[in-house]
Structures are given as C-alpha cells and as structure tokens.
Amino acid sequence: MKTKHTAALAAAFAIATTAASQGAIVLSGNFNTGTPTPTLTITQDITFNISVGGFPRILVFDEWTTSDGSQSFVFPTVGQQFAYSLNGAPANNSFSMPDAGLGDNLTSDARAITTKDGRLFFNSFLANVGDTVVVSAGSYTFGSDPQFNPLLSTTDSIFTGETFLTDISGNRLTDNVSLVPESSALALTALASLSLLRRKRRASV
C-alpha cells in the first residue's frame, strides 16, 4: 500500500513540475495611473500552429475579464522588440506605436474576439497553413490610460486560460492554446492530493 501511495505522489509531482510548458501571462503595475510601471510578462514560450493562412496581428486572451465597455488601449514603451519565431527562425518584431499595444475588452464582438477578451497587438507578418509560430517569453512595459479596465491590473492580473492568434480584423488563424498555472501552483495541488491519500489510508486502517 505504501508503494502505491509513493507512486501516486511521484506521478503527481512529475505532472506538477513538467506541465507548465505553456506558461502564463501576467500584468503587473498599474495600467490606470502608470505607477508602478505597467508591465506585461509572458512567462514561457507559447507555440501556435497556423490553421488559416494570413497575417497574425493579435494575441487574444480568451474570456479574460467581465466587460466594462471601455475598449481602452495602452501603448508599449518605445524601442522594445516583440520576440517570436516563425518555423524555428528567431525574429524580433518591432513593438511600437501605432502598430502595437494592449487592449482591455471590446464593447462588441469582432469575429473571433468577444467582449470579454484581452488583446495584445504586434506588427504583422505572413504565416501560411502548417507554419509554426512561437511567441517568445518576454516582459514589456506600457503607458497608462485612466479608462483601462481596472480588473486587468488587480484581480485578473494572471491569465492562465485559452489564447489564440487572429489577424487585424479578428479572424482566427490558430486553434486555442491552453495556458497553465506555474509549476509552483501545480506542486501545491500535488501536495494536497498526497495529503488526501494519506488521510484515506489512515481512515482505512
């Protein structure tokens, strides 16, 4: 019996330490006031497979928040490079006004983008069906907007849901990719599972 519980713990811990391959998206700072500096961090590379050819322009955070109807937009600090790779070839895509920025949520749906979605705009490039696009891990700073949805810099600051790429009109170019919690959070889940297994074992003795 002890061997079975040990094996269960090992399996749970393995999942906890290896499953976070798609990372998370984190907002920090204050996007309403600008202090502390508004920052968006992509914690790990995100891999997308192109199912519809086109020009990827928007990284969509699906169902990120409730709609406040503001449709606010903040621009990145000048001089940053948005890092991605197309079919394994590394590239730094310029990430500057007016072609790039972070949007909170729309006032109405725009094709695949709904009112509850967040949006990160970057400069366009051509991708064909079957191509692989990797959005690289990185951290980017932004300006502020008093109307920016406050939920996105407070209670909803960590996004671990579904994400996908669209063109500038909101046409979906990829399937959804699930972002997962960081390994530390999964490790806590694994430890909770172990504790439950131990309690069940004691109760059965």
What does the highest-first list of 104-114, 52-62 look like by mean Cβ count within 10 Å?
-> 52-62, 104-114
Theoretical FRET efficiency, 1/(1+(r/R0)^6), r = Cβ-Cβ of residue 87 and residue 158, R0 35 Å, to 0.05 = 0.70
Computed accessible area, residue 121, all protein chains, 1.4 angstrom probe, square angstrom = 30 Å²
Label-point separation in nm, residue 109 to residue 71, each point 7 Å along Cα→Cβ = 1.6 nm
Sorted by mean Cβ packing within 10 Å, highest first, what order do the peptides 122-135, 159-172 take?
-> 159-172, 122-135
Quick one: how many Å² of residue 70 are accessible to a 1.4 Å probe, rounded to 10?
-> 40 Å²
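The values are calculated or read from the model by the stated rules, or taken from the named source; none is laboratory data. Bear in mind that the values here come from a model prediction, so they are computed numbers and not experimental data. All Cβ positions, even for glycine, are placed from backbone atoms using ideal geometry, and neighbour counts span all protein chains on display. Quick note on the areas: whole protein, heavy atoms, side chains included, nothing else; ligands and nucleic acids left out. Shrake-Rupley method; radii C 1.70, N 1.55, O 1.52, S 1.80 Å.
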